[in-house]
Amino acid sequence: MATEFDARLKELIASYPDIRGDQMAYYLRMLFDIAYHDGSNYRLRTSSTGTFVFSGLSTAFIPTTMQVSTTAIKLPTTPLTARNHISIFNTSETETLYLGNSDVTADRALGTTAGAEIQPLGSFNIDITDSIELYGIVATGSIVVKIYEVA
């Protein structure tokens, strides 16, 4: 390990003459404490056990465009299987979109039905599975929303 570290340190010092060697050594030692290269892959050093699953885009990305009116509608109507993230964009320049459960209301009333407000041209992003249902509603008229799901 020391030989690999020393070789990389010399390369970096030569590439960045404005950084002092002791600064570079400090940053490289921090890096070598948390990661290493096994010859073909970079790996993290960890004392954790079990399985770590990255939850980014790995299976699918689905964009959906829907119309939302004064009656609550499920967003999207059919969720992406194994979803782990959803983004909802309010395309209206004037109307607020309200998100919540199936009993969501387009207001700021006290209690649990008043929806989370997505302002005109605003967005809502959250890591949730496909088992959690979101509903949208507006106070007047109808708007178009863009929904992006990742699995």
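The values are calculated or read from the model by the stated rules, or taken from the named source; none is laboratory data. What you see is a predicted model; the values in this text were computed from it and never measured. Neighbour counts are summed over all protein chains in view; Cβ atoms, including those assigned to glycine, are modelled from backbone coordinates with ideal geometry.
So, Ile128, is that one of a type in the set (A, V, I, L, M, F, W, C) and assigned to a loop (DSSP other than H, G, I, E, B) or not? Here the answer is yes, as Ile128 does meet what is asked. Kindly establish whether Ser92 is part of a loop (DSSP other than H, G, I, E, B) and either modelled with pLDDT of 95 or more or farther than 22 Å from Ser131 by Cα (or both). Against the criterion (part of a loop (DSSP other than H, G, I, E, B) and either modelled with pLDDT of 95 or more or farther than 22 Å from Ser131 by Cα (or both)), Ser92 qualifies. Can you find a residue in segment 79-87 that is surrounded by fewer than 10 Cβ atoms within 10 Å (Cβ to Cβ) and either closer than 20 Å to Asp130 by Cα or modelled with pLDDT of 60 or more (or both)? No: segment 79-87 contains no residue that is surrounded by fewer than 10 Cβ atoms within 10 Å (Cβ to Cβ) and either closer than 20 Å to Asp130 by Cα or modelled with pLDDT of 60 or more (or both). Of all residues in segment 95-114, those satisfying the criterion of being part of a loop (DSSP other than H, G, I, E, B) and among the polar types (S, T, N, Q) are Thr96, Asn101, Ser102, Thr112, Thr113. Which residues, taken from segment 131-151, are buried (at least 16 other Cβ atoms within 10 Å of the Cβ) and either modelled with pLDDT of 90 or more or part of a loop (DSSP other than H, G, I, E, B) (or both)? Across segment 131-151, the qualifying residues are Leu134, Tyr135, Gly136, Ile137, Val138, Ile143, Val145, Ile147, Tyr148, Glu149, Ala151. Could you tell me whether any residue of segment 60-77 is assigned to a loop (DSSP other than H, G, I, E, B) and at pLDDT below 90? Looking through segment 60-77, at least one residue is assigned to a loop (DSSP other than H, G, I, E, B) and at pLDDT below 90. Residue pairs whose Cβ atoms lie under 7 Å apart, separated by 6 or more positions or on different chains, with the first residue in segment 106-121 and in contact (Cβ under 8 Å) with a residue 24 or more places away in the chain and the second part of a loop (DSSP other than H, G, I, E, B) and of a type in the set (D, E, K, R), are Pro120/Glu93; Pro120/Glu95; Leu121/Glu93.
So which residues in segment 122-145 are in contact (Cβ under 8 Å) with a residue 60 or more places away in the chain and not hydrophobic (A, V, I, L, M, F, W, C), if there are any at all?
Asp127, Tyr135, Gly136, Thr140, Gly141, Ser142
Is it true that Asn90 is over 13 Å from Gln67 (Cα atoms) and assigned by TED's automatic domain parsing to the domain that holds Thr65? Spell out the reasoning first.
Working: over 13 Å from Gln67 (Cα atoms): no; assigned by TED's automatic domain parsing to the domain that holds Thr65: yes.
No, not satisfied.
Any residue at all in segment 116-133 that is assigned by TED's automatic domain parsing to the domain that holds Gln67, over 23 Å from Phe61 (Cβ atoms) and either of a type in the set (Asp, Glu) or in contact with a helix residue (DSSP H, G or I) (Cβ under 9 Å, 6 or more places away or on another chain) (or both)? Steps first, answer last, please.
First, the residues of segment 116-133 that are assigned by TED's automatic domain parsing to the domain that holds Gln67: 116-133.
Add one more test, that the residue is over 23 Å from Phe61 (Cβ atoms), and what stays is 116-117, 119-120.
Cutting the leftovers down to either of a type in the set (Asp, Glu) or in contact with a helix residue (DSSP H, G or I) (Cβ under 9 Å, 6 or more places away or on another chain) (or both) gives us 117.
There is at least one residue in segment 116-133 that is assigned by TED's automatic domain parsing to the domain that holds Gln67, over 23 Å from Phe61 (Cβ atoms) and either of a type in the set (Asp, Glu) or in contact with a helix residue (DSSP H, G or I) (Cβ under 9 Å, 6 or more places away or on another chain) (or both).
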